[in-house]
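Have a look at the structure below, then the notes.
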Amino acid sequence: MLFAITDLMRTVHMLAGGVWVGGSVVYLLVILPALRVGGAGAATGALVGALFRRLVNVCIGLLLLSGVYLIVDRLTSTRVGAAYVVTLVIKVLAALAMFGLAAYQAQEARRLARKRGRLWKAAPHLILWLGVLTFLLGATLTGLYEASLIH
């Protein structure tokens, strides 16, 4: 039964991360340019942004829930080395930075466009690159974990 819960949490974690990071790619490279070229009004752009933020919020909740479970499961069930722990800490910090940037964006979205901070335009790109970094670190963690099983 415990293995089924762990597998479910891993699946939820990967899907939530994939939806957020993949959604960010689609949002930045497809949706925003289409809205600009298509001449969509500000109301349409705001609605798309609000719907995407709602999806991101669900993903953040799922990532936090599954991530905490997976950290506890991994750190209490195996002997992992210092490299694993350091990589995990970096991954958690990158994820927390993503969460913080998403919260900042949601807050700034409530302000008038001309009053938004400079970070407003850069935040989506930073979130995307931090997301790619977290996926890379997740793959590294898997490799480190599998290597610890051999030794």
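General observations
- Test: Arg79 is within 19 Å of the chain's Cα centre (by Cα), modelled with pLDDT under 95 and either outside any loop (DSSP other than H, G, I, E, B) or more than 24 Å from Leu128 (Cβ to Cβ) (or both): no
- Condition met for Gly49 (over 30 Å from Val72 (Cβ atoms) and in a helix (DSSP H, G or I)): yes
- Applying a threshold of 6 Å to beta carbon distances and a minimum spacing of six or more residues, or different chains, the list of pairs starting in the range 38-56 at a residue that is within 14 Å of Leu28 (Cα to Cα) and ending at one that is surrounded by 12 or more Cβ atoms within 10 Å (Cβ to Cβ) and at pLDDT below 85 is empty.
- Condition check for Arg53: of a type in the set (D, E, K, R) and either within 21 Å of Leu144 (Cα to Cα) or surrounded by fewer than 11 Cβ atoms within 10 Å (Cβ to Cβ) (or both): no
- Considered as a group, the residues in the range 65-89 that are surrounded by 15 or more Cβ atoms within 10 Å (Cβ to Cβ) and of a type outside the set (Phe, Trp, Tyr) include one that is nearest to Ser148 (Cα to Cα), and that residue is Val80.
- Identity of the residue in the range 109-126, modelled with pLDDT under 85 and surrounded by 15 or more Cβ atoms within 10 Å (Cβ to Cβ), that ends up farthest from Gly17 (Cα to Cα): Arg116
- Here Leu144 qualifies as farther than 29 Å from Tyr27 by Cα and buried (at least 16 other Cβ atoms within 10 Å of the Cβ).
- Cβ-Cβ distances below 8 Å connect the following pairs, each with a first residue in the range 136-151 that is among the small types (Gly, Ala, Ser), a second residue that is surrounded by fewer than 10 Cβ atoms within 10 Å (Cβ to Cβ), and a separation of six or more residues or different chains: Ser148/Arg79.
The values are calculated or read from the model by the stated rules, or taken from the named source; none is laboratory data. None of the values given here were measured: they were computed from a predicted structure. Because the Cβ atoms are built from the backbone with ideal geometry, glycine has one as well, and the counts that use them run over all protein chains shown.
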